Amino acid sequence: MLTQLLSFKGRYRILHLTWFAFFLSFVVWFNFPPFKTTIVQEFGLTPGQAGTIGLCNVALTVPARIIIGMLLDKYGPRLTYSALLMYAAVPCLIFATATDFNQLVVGRLLMGIVGAGFVIGIRMTAEWFPPKEVGTAEGIYGGWGNFGSAFSAFTMVLFALFLSFIPGAFQFPEAESFKILFFPEFSTSVLNWRAAIGGSGIIAALYGMFYYFNVTDTPPGKVYQRPPSSRGMEVTSARDFWFLMAMNAPLTAILMVLAWRLNKVEFLSSEAMVIAWVGLLGLYLFQAYNCWSVNKDLLAGRKRYPPEDRYKFKQVAILELTYIVNFGSELAVVTMLPAFFEGTFGLDKATAGIIAASYAFMNLMSRPGGGIISDRMGSRKWTMVVLTAGMGIGYLIMSTVNGNWWLPGAILLTMTCSFFVQASEGATFAIVPLVKRRVTGQIAGNVGAYGNVGAVAYLTTRLLFTENFTTGGEANMAQVNSAFFQVLGVAGLVVAFLCVFFLEEPKGSFDELHEGEEQSSPNAVPAQIGTNL
């Protein structure tokens, strides 16, 4: 398979177009951090407000991944991905034209929906590649697309600088502010970020239109399988229904934590926070009702699934846990790693940032590596166990890093740990498309949402450690970092242990055809691009 990647024909063409769609969605989703310092200075934000904007960036990604998964199963990846990329221009322009903190928060909350784009390509890739190659294909999709976050960090500032030399480009409503843009001899640092963020959204929207007319949901002759209803996830046993209800609860709980955080920075009053909590509980009940509607015949005993059509929801649940500890920890570690190297080794911010970026750069090889290992080793279950355990051990070793360590050794450890984290992510989504084909979008949405649950949970835990290890108004960051990495490491080992006993090898893991397929021509070039809805 790897030798054919450069062919850009048939299924490889679809893979390239789809990972680039994911790549652009992550460039847009992470276009705030490169300009964080400038934006904080321009708006006079407090550290709490700046941190809240970062949390808002992932807040709506949790429910969005669930909803996008439902829409994906109903309408197909072609239409869903195109619509999401075109939507990306909306929050970008809102954020780019913001004049106060509240508008910044609204822009980033809406931007969180763009972060749900990842789940769409999971099903698109699975439709075009057979089970025996799906790990490698999903790893390439996830790893190369995920690189968009690192690419954004390195290029958004250059993009802003380039736009400053284009007179009249990207004029926004507040004309007074943008007058400076036409006179480069004056400071443009306050303004360029607006043009760059707005421009990145417009580029994503244009690619969304291009994507719509250049892909199809499935290869020619293959039927796109849809669930009977996309209102809620279909399960195949009454016990699994209650398991689903239990696993949906943390998704609501983590949003309640975010509402609390918005109250702490005075974006929400105490009354508004309580109203938000009540609304979130109502949302959970509404989601539960929809799931009941989809499965009511099963619960009433009027419907029974034949053995060959059943799947075990525990497979979904254990994958949700693996994604908490791998992708959730990645998002959390990327956030704190520059400060970790800066404080531990006394480095300047630029050097610490470059070293920390190596963690994200590893996505280019690590996530595809996890998929390749999953395809080649003959057992997706044990690949998951070994990689997750290796991640846990890596984090525990990182908890011992201090100023006495040899800096190159610490960097090598960080990159090794990063490999296990991201390879574990690749192994997770090598299994997701094989659980139950017709609800792959919803499964991918649920698993993906748990990654964000993990990120918020870990970052909140680190905040509590910071408060706990503060004496005399100054936090002992060495203790904070050590305890934080210990939590990550123990969580990884616990989930690896659970995988040994509860994760099962998917049926047909290495078959030529997906479950329910009768024929497949994955290398064929579609005769009529854009007609398969």
(request) Mind running the shape call on region 1-160? Use the C-alpha gyration tensor, a ≥ b ≥ c as the square roots of the eigenvalues: rounded below 1.5 for a/c, prolate if a/b tops b/c, oblate otherwise. (result) prolate
(request) Could you work out the longest stretch of the chain that avoids the GluC sites (Glu not before Pro) located in DSSP loops with at most 10 other Cβ atoms within 10 Å? (result) 186-517
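Using the structure shown, list the pairs from Lys264/Lys349; Lys312/Lys507; Lys9/Lys507; Lys74/Lys296; Lys9/Lys381; Lys222/Lys314 with a Cα-Cα distance above 22 Å, or answer none.
Lys264/Lys349; Lys9/Lys507; Lys9/Lys381; Lys222/Lys314, as the Cα separations exceed 22 Å there.
Report the local net charge at Val495: Lys and Arg +1, Asp and Glu -1, summed over other residues whose C-beta lies under 15 Å from its C-beta.
-1
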(request) Give the shape of region 212-303 as rounded, prolate or oblate, defined through the alpha-carbon gyration tensor: a ≥ b ≥ c are the square roots of its eigenvalues, a/c under 1.5 means rounded, and otherwise the shape is prolate if a/b is larger than b/c and oblate if not. (result) oblate
(request) Round to the nearest 10 and give me the degree value, 0 to 90, for the angle of helix 380-398's Cα axis relative to the longest principal axis of the chain. (result) 20
(request) Heavy atoms only, probe 1.4 angstrom, no DNA, RNA or ligands counted: give me Lys507, Lys381 ranked by accessible area, highest first. (result) Lys507, Lys381
(message) Restricting to Cα pairs below 8 Å that are 6+ residues apart, what does the relative contact order work out to for the chain? Please round to a whole percent.
(response) 25
(message) Over region 364-461, what is the relative contact order in percent, taking alpha-carbon pairs closer than 8 angstrom and at least six residues apart?
(response) 39
(request) Mind checking which of Gly279, Met209, Leu258 is farthest towards the positive end of region 201-299's charge dipole, using Cβ charges of +1 (Lys, Arg) and -1 (Asp, Glu) about the Cα centre? (result) Met209
(message) Quick check: the angle from helix 77-87's long axis to the longest principal axis of the chain, C-alpha only, nearest 10 degrees?
(response) 20
(request) Report, in whole Å, the centroid distance computed from the Cα atoms of region 375-405 and region 406-473. (result) 12
(message) Quick check: at a probe of 1.4 Å, how many percent of the accessible area of the chain sits on carbon and sulfur atoms?
(response) 67
(request) Mind putting a number on the dipole of region 198-341 about its Cα centre? Charges go on the C-beta only, +1 for Lys and Arg and -1 for Asp and Glu, and I need it in Debye to the nearest 20. (result) 500
(request) Using only C-alpha positions, report the orientation-averaged shadow area of the convex hull of region 359-422, nm², one decimal. (result) 4.3
(request) In vacuum, with every alpha carbon of region 324-457 counted as one equal point scatterer, what does the Debye formula give for log10 I(q)/I(0) at q = 0.11, 0.16, 0.17 Å⁻¹? Two decimals, please. (result) -0.42, -0.82, -0.90
(message) Taking loop as defined by DSSP and a crowding limit of 15 other beta carbons within 10 Å, which trypsin sites (Lys or Arg not before Pro) in region 1-54 fit?
(response) Lys9
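Label region 382-526 by shape, choosing from rounded, prolate and oblate, from the square roots a ≥ b ≥ c of the eigenvalues of the Cα gyration tensor; if a/c is under 1.5 it is rounded, and otherwise prolate applies when a/b is larger than b/c, oblate when it is not.
Judged from the Cα gyration tensor, region 382-526 comes out prolate (a/c at least 1.5, a/b above b/c).
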(request) Two decimals is fine: what's Rg over Rh for the chain, C-alpha atoms, Kirkwood radius as Rh? (result) 0.96
(request) Name the residue farthest towards the positive end of the dipole of the chain from the options Ala356, Ile113, Trp29, assuming +1 on Cβ of Lys and Arg, -1 on Cβ of Asp and Glu, about the Cα centre. (result) Ile113
(message) Between region 1-75 and region 270-291, what is the separation of their alpha carbon centroids in Å?
(response) 26
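Could you size up the charge dipole of region 19-130 around its Cα centre, putting +1 on the beta carbon of Lys and Arg and -1 on that of Asp and Glu, and report it in debye to the nearest 20?
Values: 6 positive and 4 negative charges, 40 e Å.
The dipole magnitude comes to about 200 debye.
Hand me the chymotrypsin sites (Phe, Trp or Tyr not before Pro) from region 1-50 located in a DSSP loop with no more than 12 other Cβ atoms within 10 Å, in residue order please.
Phe8
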(request) About the Cα centre of the chain, how large is the charge dipole given +1 on each Lys and Arg Cβ and -1 on each Asp and Glu Cβ? Please answer in debye to the nearest 20. (result) 1100
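The values are calculated or read from the model by the stated rules, or taken from the named source; none is laboratory data. Just so it is clear, the model here is predicted, and its values are computed rather than measured. We place every Cβ from the backbone using ideal geometry, glycine too, and count neighbours over all the protein chains shown. When the accessible area is computed, the model is the full protein with side chains, heavy atoms only, and any ligands, DNA or RNA have been set aside. Shrake-Rupley method; radii C 1.70, N 1.55, O 1.52, S 1.80 Å.
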